[in-house]
Amino acid sequence: MRIVRAAGLYFLLVFAAGFALGAIRVPLLVPRLGERVAELIEAPLMLAAIVLAARLVVARAARGCSAPALLAIGTLALAMMLAVEFTVVLRLRGLTLGDYFAARDPVAGFVYVALLLVFAAMPALAARLSRS
């Protein structure tokens, strides 16, 4: 149960950051700079949010967890993120899954996938870095 709670907290922290940044990116940056540039500007801010959220979760909710447990936290949080992305967000934007992938910019899409992988691994990385 501790892993599920920690994963939920991690997911909520990063999702909230992404929601807040998206509320700025979509109406303010996309019309002026385009989707690709707007997403690439947002990416380092999301990376910072991921790192901070992982450090907080490791320090508070996952203190003393093993490396496999930390990887489980990141993987479960990733599953939560993708579930929300592919259900709620797509519905709100009126897109099908096929439309979503077809509309993704290849460069920004690659960065997005890389951030998702970092998101999954970050609790374990944050714990390892804090122990060093």
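The values are calculated or read from the model by the stated rules, or taken from the named source; none is laboratory data. Quantities reported herein were computed from a predicted structural model and do not represent experimental measurements. FYI the Cβ positions are ideal-geometry reconstructions off the backbone, even for glycines, and counts take in every protein chain you see.
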Practice problem: Could you grab me the full set of residues in the range 1-48 that are within 28 Å of ILE73 (Cα to Cα), more than 17 Å from the chain's Cα centre (by Cα) and surrounded by fewer than 16 Cβ atoms within 10 Å (Cβ to Cβ)? | Solution: MET1, ARG2
Practice problem: Among the residues of the range 18-52, write down those that are touching a residue at least 60 places away in the same chain (Cβ under 8 Å) and within 28 Å of MET1 (Cα to Cα). | Solution: MET46, LEU47, ILE50, VAL51
Practice problem: Please work out which residue is nearest to LEU9 (Cα to Cα), limiting yourself to the range 49-62 and to residues that are under 15 Å from the mean Cα position of the chain (by Cα) and β-branched (Val, Ile, Thr). | Solution: VAL57
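Please work out if LEU82 is of a type outside the set (Phe, Trp, Tyr), surrounded by 14 or more Cβ atoms within 10 Å (Cβ to Cβ) and either under 18 Å from VAL37 (Cα atoms) or modelled with pLDDT of 90 or more (or both).
For LEU82, the condition - of a type outside the set (Phe, Trp, Tyr), surrounded by 14 or more Cβ atoms within 10 Å (Cβ to Cβ) and either under 18 Å from VAL37 (Cα atoms) or modelled with pLDDT of 90 or more (or both) - is not met.
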